[in-house]
1. Mind checking which of A:L7, B:H382, B:S336 is farthest towards the positive end of the protein assembly as shown's charge dipole, using Cβ charges of +1 (Lys, Arg) and -1 (Asp, Glu) about the Cα centre?
2. Quick query: amide H of B:G244 versus all other amide H atoms, modeled in the peptide plane; which residues come in under 5 Å with a sequence gap of 5 or more or a different chain?
3. Provide a whole-number value for the mean count of partner chain Cβ atoms within 10 Å of the Cβ atoms in peptide A:71-77.
4. Applying a 10 Å radius around every beta-carbon, put A:274-281, B:362-369, A:46-53 in order of their mean neighbour count, most first.
5. Find which of A:A307, A:V358, A:V140 sits farthest along the positive direction of the dipole of chain A, computed with +1 on the beta-carbon of Lys and Arg, -1 on that of Asp and Glu, about the Cα centre.
6. About the Cα centre of the protein assembly as shown, what is the dipole size in debye to 20, counting +1 per Lys and Arg Cβ and -1 per Asp and Glu Cβ, all else neutral?
7. Viscosity 1.567 mPa s, temperature 4 °C: Stokes-Einstein D of the protein assembly as shown from its Kirkwood Cα radius, in µm² per second?
8. Hey, what do the phi angles of segment A:285-301 turn into as Karplus ³J(HN,Hα) couplings, whole Hz, using 6.51/-1.76/1.60 and θ = phi - 60°, x for Gly and Pro?
There are 2 protein chains.
Amino acid sequence: MTKVVVLGCGLSAFSRDRLDGSIRDWVTEAALAAIQDAGIEKDQLDHTIAAYESDHLAGQIGQGIIWQDTLGLIPRPVVRIEACGATGGLAIRNAFAHLRAGLSNCILIVGAERVGKSLSSATSSQIFAMSSDTDWEMPVGGHFTAYYALVMREHMRRYGTTEEQMALVSVKNHGNARYHPLAQKPMDLSVNDVMTSPVIASPFKLLDCSLLSDGAAALILATENWAKQNLNALKNRPAVYLTGSGAATDHARAGDRSWEVFAQFSAKKQAAEAAYAMAGIKNPLQEIDVAEVYDSYTGAELMAYEALGFCQPGESGKLAEQQVFDLAGELPVNPSGGLLGFGAAAGATGIAQAVEIVTQLRAEATVERQVKGAKLGLTDAHAGVCTINAVHIFESRD
Amino acid sequence: MTKVVVLGCGLSAFSRDRLDGSIRDWVTEAALAAIQDAGIEKDQLDHTIAAYESDHLAGQIGQGIIWQDTLGLIPRPVVRIEACGATGGLAIRNAFAHLRAGLSNCILIVGAERVGKSLSSATSSQIFAMSSDTDWEMPVGGHFTAYYALVMREHMRRYGTTEEQMALVSVKNHGNARYHPLAQKPMDLSVNDVMTSPVIASPFKLLDCSLLSDGAAALILATENWAKQNLNALKNRPAVYLTGSGAATDHARAGDRSWEVFAQFSAKKQAAEAAYAMAGIKNPLQEIDVAEVYDSYTGAELMAYEALGFCQPGESGKLAEQQVFDLAGELPVNPSGGLLGFGAAAGATGIAQAVEIVTQLRAEATVERQVKGAKLGLTDAHAGVCTINAVHIFESRD
């Protein structure tokens, strides 16, 4: 089967209420950075995958063609991918499919979201709530913090997970963000800071919740054959391969889920198992050197440790206490700062995760957040309360 | 390379302002019809591609997971594809990519749109106008009939195409729709009926314009190997293969396009050439037996004949007069009735086209619209004024 290699990656800054330019400017910022990073001419791209969550947010339907046009990539094909919070992850998977299927040799994936200045009278939080089931969920609440809280309360009851353990994730991720020059919310926090921040939906306080960001991220993938024939760039730095892709789904409404595994992210577990099988990973905690996981809430990151097989169900809180996932730990998670510290721009997020992992595997991160000798990295993005999940594995080869 | 075969197809009825159920009911209607048609159990599906144009129309973001859940297909992956009017076409292309890439063996593509009863205060026409460039186009008009009219006026000036020639397309397609039991607007029209219908944006009258429909369509594709191992169904009817896929883009704003080819659909020409190259087609008019093309307007169908290589630029009007594309002609186009007569439900349309072509290649159409001995069929869907285009080739093999 065709091997897929990462040629380049790029980010715009992530921040709230960016007033400089429009979403198409941020898309351009990230895509041009990726093209420059890849060392290719943009005309060498033969396909674009556009990733964003909602046309409500930017007040524009069909942004794929507009981005393609803005980037000067007409007449190449473009298609938009959407899977709510997992949009960026599924975009990578679709690019992977196009390359392995022989429909593209060198593909641009670019994701972005504009959340700050909504054109409608609704706030971006209200718009995101429209991604819950508007027939069955929105009428009885409709806010994701509450949906997550339901699951997290059961995790606490079942396994003894504590709010202080969750707070450690916030301390870690906001702390890691201090070492990323484009991060939205670098903070030097204590557990007490998190614990005493305003309650949003118990057990989650303000500092347990991820950010809403304006921003864009881009990734360029190619088939190994094309890259070898067309580029010298691979010779100058470790080549990073995309070696595993997995995706799965779970029932959107909590009430439809199996009670037995209610306090576990089943879709994440299945997506990870599929990605591990493709990449030949047997012992995730031992083999994976660095991971970017979907920390939409601090508790979601704890549950991700379990679903991704980094530990057994119910053990994540204790491992957080043991600093296993800190920058100096056995398996650093969210060195970028994650959705809590770096930022969360829905359609861009899954791609921004890959940008961080590629940067880590190339040993090109800032020295304070660089995971030494990282060769194998994982990205993990999900939608809703883990309704759609995509997991990808990246490997560097000298 | 992996061969891809069609296992099943299904449609809901297309109509304006369906009051029976919601979009998820119509999705279920089409998907279950396709599953039954394929002769498989739904659990044999391993992936879903969800296709729709806008979350504004249904008042729901992230419908992919909701459809997947409604269909009982959790925990399989789902991803939503969107490319405005070309959504269904790109959805087929993405399914094709997944199968050829080894990421799926048996995939459901289901597309739908709800246009009738918008939940917002905007009409569905106003919402569709948001798929033009809201920074640069909407402020100066924003309606697609006007954008198409600009291009068509130049086609008339340059080639002498007449409004009567356009009207012939409306007569043909509404007429063909009389033979499709699920069509929205079967009509027995004369050229004079079309010519005297109310002007919308000259040269287009009401009966030159396609419909707005509520509806859903579904297609099930599989790898040939999987189908041979798992099914007996292929033995009972002609097997239909997906043998070609092409996609391309053009500038969204008319003013950015090359004047030299302003009265041609460049993206359609390039998409067709890519599909023909993959399927080994050299002489489209001679080799293709039946086609469903994107007749968003009568003039768009004429321009499609040219871009798809059925004739030279400027000749389409004359060929319409010669009834080349009528049911009894050399290459019947839009036997279903097309977007003019069958209906246009944005996300479903490109898939509904494939349903018609598969039905034709299996010789399972109603006798009045069945193209005798059809072995090779084409589908063609585009967005905007042909900004994104997808062309697919289907072939039956006994």
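1. So the residue furthest toward the plus end is A:L7.
2. For B:G244, whose amide H was placed from the backbone, the distant partners under 5 Å are B:I393.
3. 6
4. A:46-53, A:274-281, B:362-369
5. Among A:A307, A:V358, A:V140, the one farthest towards the positive end of the dipole of chain A is A:V358.
6. 980
7. 49
8. Each residue's phi maps through the Karplus curve to give 4, 6, 8, 7, 9, 7, 9, 10, 10, 7, 8, 4, 9, 4, x, 5, 5 Hz.
Each value in this text was obtained by applying a stated rule to the coordinates, not by laboratory testing. Just so it is clear, the structure is predicted and the values come from calculations on it, not from any experiment. All Cβ positions, even for glycine, are placed from backbone atoms using ideal geometry, and neighbour counts span all protein chains on display.
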